[in-house]
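The values are calculated or read from the model by the stated rules, or taken from the named source; none is laboratory data. The model shown is predicted, which means the values in this text are computed figures rather than measured ones. When we count neighbours, we look across all protein chains shown, and the Cβ atoms used for this are built from the backbone with ideal geometry, even at glycine.
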Amino acid sequence: MASRAPRVEYLAGFRCPLGGLAAGKPRVLCHGAEVFLSTGSELVYVYDQEGRLLTAVYKFPGQVWHLELLALRKALYVLCAQSGIYCLSLDQAGRSVSQDGGDGGDSQGTEDEQDGAPPSPVIPVDPGACVLPDATLCAFTILDDVLVTLAQGPTQWKVQLFERPSPGEDPRPGGQIGEVHLSSCTPTAGSPGEPAAPHFLPVLCCASPPSSRAPRSSRGFALEGALFGLLFGAGATLLESPAILCGLPDGQLCCVVLQTLVTSRSAPGDPKALVKILHHLEEPVVFIGALRTEPLAEDVEDEHSDCLVVLGHHGRTLAIKASWNEAGHLAPELREYRLPGPVLCAACGGHSRLYLSSPSDLCVVDLARGGSPWDPAQPDGALGGLPSLLCPTSLSVCSVVTLSVSSRTPEGGTELLALSAKGRLMTCSLDLHPETPCPTSVTSANTGQKIKELLSGIGTVSERVSSLKKAVDQRNKALMCLNEAMNVSCALLSSREGPRPISCAITTAWSCLQLQDVLTATCLLENSSSFSLDRGWALCVQVLSSSRALDLGSAGSAVTYTIPVDQLGPGGRREVTLPLGPGEDGALDLPVTVSCALFYHLREVVGGALAPTDPAQDAWPDECPPDVLPEQDGVCLPLSECTVDMLQGLRFPSLSVPPMQALGPLSPAGDPIHTFLGTCRGPGGQLAGPSSLRAKYLPPSVATIKVSAELLRAAFGDGHAGMSLGCATLQWLLAENAVGDIVRAQALSSVQGVAPDGTEVHLIVHEVAVTDLCPAGPIQAVEIQVESSSLANMCRTHHAIIGRLQRMVVEQAARGSSPPDLRLQYLHQIHANHETLLREVQTLRDRLCTEDEASSCATAQRLLQVYRQLRSPSLLLL
Amino acid sequence: MAHKTPLGSSAPPTSCLDLWREKNDQLVRQAKVAQDLGLSLRRQQLAQDALEGLRGLLHSLQGLPAAVSVLPLELSVICNFITLRASLAQGFTEDLAQDIQRGLERVLETQEQLEARLEHGLRELWDFVLHVSSLLPEVLPALHHLAGLQAALWLSTNHLGDLTFLLQTLNGSQCRASEDLLLLLKTWRPPAEESDAPLTLQDARSLRDVLLTAFAHRQGLQELITGSLPRALSSLHEAASSLCPQTVLVQVYTALGTCLRKMGSPQKALLYLIAALKGGSTWGPPLLEASRLYRQLGNTAAEIESLELLVEALSVSDIPEAPQLLIEVELLLPRPDPASPLHCGTQSQAKYLLASRCLQTGRAEDAAEHYLDLLALLLDVSEPKLSPPPCPPGPCVPEVFLEAAAALIQAGRAQDALTICEELLSRMSSLLPKRPRLWKDARKGARESPHCSPWVSATYLLQGQAWVQLGARKEAISEFSRCLELLFRATPKDKEQGPASSCEQGCTSDVALQQLRAAALISRGLEWVASGQDTRALQDFLLSVQVCPGNQDASFHLLRTLRRLDRRDEATALWRRLEAQTELPQENATWSLPLYLETCLGWIRPPDCETLLAEFRTSLLKTCDL
């Protein structure tokens, strides 16, 4: 393992856009002393490492996405976005520089740091150098004689095979010799005809079989026989045909055996037969490479990789090796690791080392058996060829966007060529032998060199410091937010009794929204604590309509609204109004339960800080490391709950109430014609509909409840002094309705209301005397009568009233008031009656479930009758 | 607007409309120049430039509010753009539909009726636009042209319902009732373009002719594949009689040949195939079809000859002709898939077909030569051309090797067969199972068995057979033993593991595995017999009868050995069983077996079974009489 910090040396700086270079598209290639470099812009630079100067700059008609060098033929192939593949002959390139050297003064593209080096002219590339015009190409790789491309079709990725076009010969665009479609891809949104530039480019690479006969790719790798056969099948091994590996932005890793890809010209190959999906990484594939993890046996001179490595953008790493299990089976060993992401680029070096760059660091991991020296005692092909855990070692270089292992490898070490996000080209020499270099006598030349090294070291460190500082700031901020959230939670949870420091009051009102009257709930969030609610907090309001449960036991529907609370300081208030209904169908199922809670999104606050700072972050906005925090993680603090029942939902158009309610049940604003039409169509309209007919011709449903006057008086206390008990009762019932005050002001004891669906509901309160109950004489009582043409509304109102009375009785019982003596026998009689009736209800309901339609109608009739009987000696509360 | 100048042509254009029109005409001329250039990069670039120019022009036209006076030009530019784009990409893409839709919306925009129609699909949009356009006679020609392109798009994406509807609307009320697309296409008369209309790459009428041919061709092929032959015949006749480029005509004739062959008129089919061969430069499909025809007729010599010609025809890599920068018939045809009669595969596939047919029909020498050629084709990388293996739908690559070895043995070239087998094993050496260590075997017990593809065993079997032919009995027996060792260690569940691809698993069914075991056992038994070790032979034959009860050959070998050993009772019992079996119809079809195995089984078939049975019968009768 590299134990010593690398020696970093800056070579040159290149123009980079504001915010740094984005990873994915820059490339750096090294051939001898020459470095070919593209930064993702239209320019390709040729840099001479020995002379330390820029020798040429080529300008292409579009962004350069990929470079590949065919060293044998001295040709550089360049993929230019929206344009196609260009081929530059390197001999010719040198010539053209000297030829065109005089005319170009256009050096704006380069900022050569080397003083004294003349600014190189920018050579526009001749369109004739385009060997494969195709605007949809996303990746390519070159083998000896063939060119493999990956193009994005409208719905699918297309792998195409061409006879290698070269610039010198007469290029034949029709030289396609094979094609196959890969899995479907999600088309990038863009204006028609102009596909948007993809965020992630697919990765294409070529794996060769071990035999030397097969054509080799310049950037591909040779795999040892067993792994090759396992991955690509016996056919490929027999044919000794290279295979093409594709890593797609959706995470798929698939392969095609090159020789099977050759198809007849007219027909693309059958994907089912040709394409094999090896794995799904579930994050964009950014790198495919191969390593030698096991030491070579003495008699093998050719080094073939025995481990395939695939890296995903978020750091998920797949390693595949061939191994023999105990029984001698050849079996793939597949292991997934998680390395720090997002991965900007990676490279495979010798000695089983994988270099990968994230925004904060350049790491090296060793895939040899746990990094431990190979144990010769272990039999060949034993289990556990891959380490169970990878430990990345930092090299303290940050924001490297592209990386390549230099061909000028020093003895025993590795030299990496890297381009940083700031556009600096550097070499990192890794000395793999930990022994310290022997001290040499200091000469003046040595000193100069030393100072240079120190300076570039400072440069790296300062770049790294700024990125780390950003990360620290972000983390501090997140911690502060978390602390605040902790305080709020503690305050809320500790104060179970008494007023809560943060409260939410829920009120209801009818209002007119979009030409329709809607019952709205207003939640008033009040922060009376000393903490402020910051980013990350949200108010969740759940509206649960449960009235269906009253009828048939079906579950009600729940809707949850989440409203971000943005900055609510101490003493601040925020009001949120939500519609409760009626919905599109005109129905409003009362009662509705509205519950409020505060929710704290951990992800929103902490997620950003956990993602490593990324100078190229603009390329991937709003991205968080997956799996660190689950999607829904957060803290939920319940605040309040309230049930909106029929008494709150009634409207009283006959009473003079605020203007919008005075308009009548379903009449929208203004236009009389609309009003007319509305009443015609509406469910509660006068002209049509069965309910209105029923209202006209059937007697209204009635229910009564009697409450002893004493009980009511005790409950009301002094608040309602000076008014009749009937009026006070009515006012008490409608206290949460806007009409409550009017009832009081006009001293009403009966009101005519309108239910949400438009039917009328009549509430009448009068004082009665109950005679036959108490031996001591008649009891003063208040009779509350509910009348409505709609049975459902009558029931809902009845239910609401009983709910209130129940609560009142419970409160009164707590205060210990004693009821008067009662004629117990009479009560028993009533009780027994009710018992039988209830039993009948039960059997009827059971029958209703099993019967067919015709007889169930009769049963339902009977059920209604029984219910009426149940109500008829009305409920009496004392 | 149109200024008349005395000098005519040299007048500078005066309005934007003229400028745009000029630009369109110039781009169309550029595309036409590109078309005449022949296949080259220059042509590609010129065409690409023209396409970009048209795109830009379209952008500037559509940047302004739609106006009736500009509409004809705008629609023509859309048509040119789509035509060029589709012909360059060799297919219609989804975004072209959006371009068409945009054009239609622009027409509606001039009529201020856009809002009401926005949410409708393309089909309803067309309906509405064509109704509106009756008010705009000047737009009509361009609109019909666009409709033609829409029809082409729907045809190529197989939206025939939409296509029918569109054509019904285009034809107006006269044949609204007709559902027949061919009839509809024939009755559609696109209005002639005015002489001063903007230039187009392809006019509506030629587009209609292309549509007509393409539809008839498509329809015919589809009916041919689904098996409704008479209808296919009439559709294909329709395609052949319409305006048809030569290459398409060859396809149509070939399809007609297939159709007639299936309908049982081989002579007529032959006539069409000859016409197809005379007609064009693509000889592959008609030759393949001819070989099928001769096979059906039982004329093996002619079949083999046409396959040889097919191989030769496919070896000539035809230089692709530059596709026209127009909507052509080929563009609208489905890509031939393996199910299509027009699919003739690659050279190596044809070569394999030839070789295997030679082997099946008993032309062993030819078969051996063809197999060797095929292997050379597949493995030789010195040639610049890559050849795909014949799979799928053919056998997997190892099986091609095995068949080659079998053919060589059949042809009496055992030494060559051994070389092939050794090559196969050496290339696969890294995938062969390692011999499990003894101490591990002891610990794990015998349940664990190494996976090995059946073809490795088959290789040993063939090697053994080669040795048999060379007279090296000892080597042969040792190869058969190796084969058996592997075969009996492999359990069926192992088939899912290992480097076998789906293709490899497909061709080794359980039946094949059984037969392979039986073949190896019989082969070894025969060698024991030859070396005089009858008891050992008996053991092997007994085992083979148990392993593969359906294999009668094993029983005959067993019977013979039993008789030789004079084990009369067992022999009699076996004979009775055999007699009973031979009375039943033979149904153990060997067609599902791999060709190499079938060939191998042919070598070990016992001679004169009937005489053996007869002899037995008489001898038994004799003993009964006694």
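State the number of residues belonging to the stretch A:341-360 that are touching a helix residue (DSSP H, G or I) at 6+ places or on another chain (Cβ under 8 Å) and surrounded by fewer than 24 Cβ atoms within 10 Å (Cβ to Cβ). So the answer is 1. Restrict the check to the stretch A:15-35 and report whether at least one residue is closer than 15 Å to A:D126 by Cα and either buried (at least 17 other Cβ atoms within 10 Å of the Cβ) or not basic (K, R) (or both). No, the stretch A:15-35 contains no residue that is closer than 15 Å to A:D126 by Cα and either buried (at least 17 other Cβ atoms within 10 Å of the Cβ) or not basic (K, R) (or both).
If I ask for residues that are of a type in the set (A, V, I, L, M, F, W, C) and at pLDDT 80 or above, which ones from the stretch B:528-554 would you list? Selection gives B:W528, B:V529, B:A530, B:A537, B:L538, B:F541, B:L542, B:L543, B:V545, B:V547, B:A554.
For the stretch B:326-341, the criterion of being outside the structural domain of B:L233 (by TED's automatic domain parsing), polar (S, T, N, Q), within 17 Å of B:L224 (Cβ to Cβ) and in contact with a Leu (Cβ under 7 Å, 6 or more places away or on another chain) is met by at least one residue.
Looking at B:S173, B:S195, B:S178, just one residue is under 28 Å from B:L249 (Cβ atoms), outside the structural domain of B:Q251 (by TED's automatic domain parsing) and at pLDDT below 80, and that residue is B:S178.
State whether one or more residues within the stretch B:250-262 are modelled with pLDDT of 80 or more, over 17 Å from B:E223 (Cα atoms) and either within 14 Å of chain A (Cβ to nearest Cβ) or surrounded by fewer than 23 Cβ atoms within 10 Å (Cβ to Cβ) (or both). Write out each step before concluding.
So in the stretch B:250-262, the residues modelled with pLDDT of 80 or more come out as B:250-262.
Cutting the leftovers down to over 17 Å from B:E223 (Cα atoms) gives us B:250.
With either within 14 Å of chain A (Cβ to nearest Cβ) or surrounded by fewer than 23 Cβ atoms within 10 Å (Cβ to Cβ) (or both) added as a condition, the list becomes B:250.
Yes - at least one qualifying residue is present in the stretch B:250-262.
Out of A:L132, A:L150, A:L182, which single residue is within 14 Å of another protein chain (Cβ to nearest Cβ) and either modelled with pLDDT of 70 or more or within 34 Å of the chain's Cα centre (by Cα) (or both)? Exactly one residue qualifies, and that residue is A:L132.
Looking only at residues in the stretch A:478-517 that are assigned to a loop (DSSP other than H, G, I, E, B) and touching a Pro at 6+ places or on another chain (Cβ under 8 Å), the one that is modelled with the lowest pLDDT is A:L515.
Scanning the stretch A:395-433 for residues that are of a type in the set (S, T, Y) and either assigned to a loop (DSSP other than H, G, I, E, B) or modelled with pLDDT of 80 or more (or both) returns A:S396, A:S399, A:T402, A:S404, A:S406, A:S407, A:T409, A:S420, A:T427, A:S429.
The set of residues in the stretch B:59-72 that are under 49 Å from the mean Cα position of the chain (by Cα) and free of Cβ contacts under 8 Å to residues at least 40 places away in the same chain comprises B:H59, B:G63. Exactly one residue out of B:R29, B:R42, B:R21, B:R55 is modelled with pLDDT under 75 and part of a helix (DSSP H, G or I), and it is B:R42.
Entry remark, the stretch A:689-704: residues being at pLDDT 75 or above and out of contact with any helix residue (DSSP H, G or I) (no Cβ under 6 Å at 6 or more places or on another chain) number 2 in total.
Considered as a group, the residues in the stretch B:64-106 that are among the small types (G, A, S) and more than 30 Å from B:R42 (Cα to Cα) include one that is farthest from the other protein chains (Cβ to nearest Cβ), and that residue is B:S69.
For the stretch A:441-490, which residues satisfy the criterion of being more than 29 Å from A:V635 (Cα to Cα) and among the hydroxyl-bearing types (S, T, Y)? Selection gives A:S441, A:T443, A:S444, A:T447, A:S456, A:T460, A:S462, A:S466, A:S467.
Within the stretch A:269-305, being outside any strand (DSSP E or B) and either modelled with pLDDT of 80 or more or surrounded by 19 or more Cβ atoms within 10 Å (Cβ to Cβ) (or both) holds for A:L274, A:L281, A:E282, A:E283, A:P284, A:R292, A:T293, A:H304.
Restricting B:L288, B:L293, B:L309 to residues that are within 14 Å of chain A (Cβ to nearest Cβ) and at pLDDT 85 or above narrows the list to B:L288. Only a single criterion out of (1) at pLDDT 85 or above; (2) under 24 Å from B:R357 (Cβ atoms) is not satisfied by B:A276, namely (1). Here B:H557 meets the list (1) closer than 21 Å to B:C483 by Cα; (2) over 42 Å from the mean Cα position of the chain (by Cα); (3) at pLDDT below 80 almost entirely, failing just condition (3).
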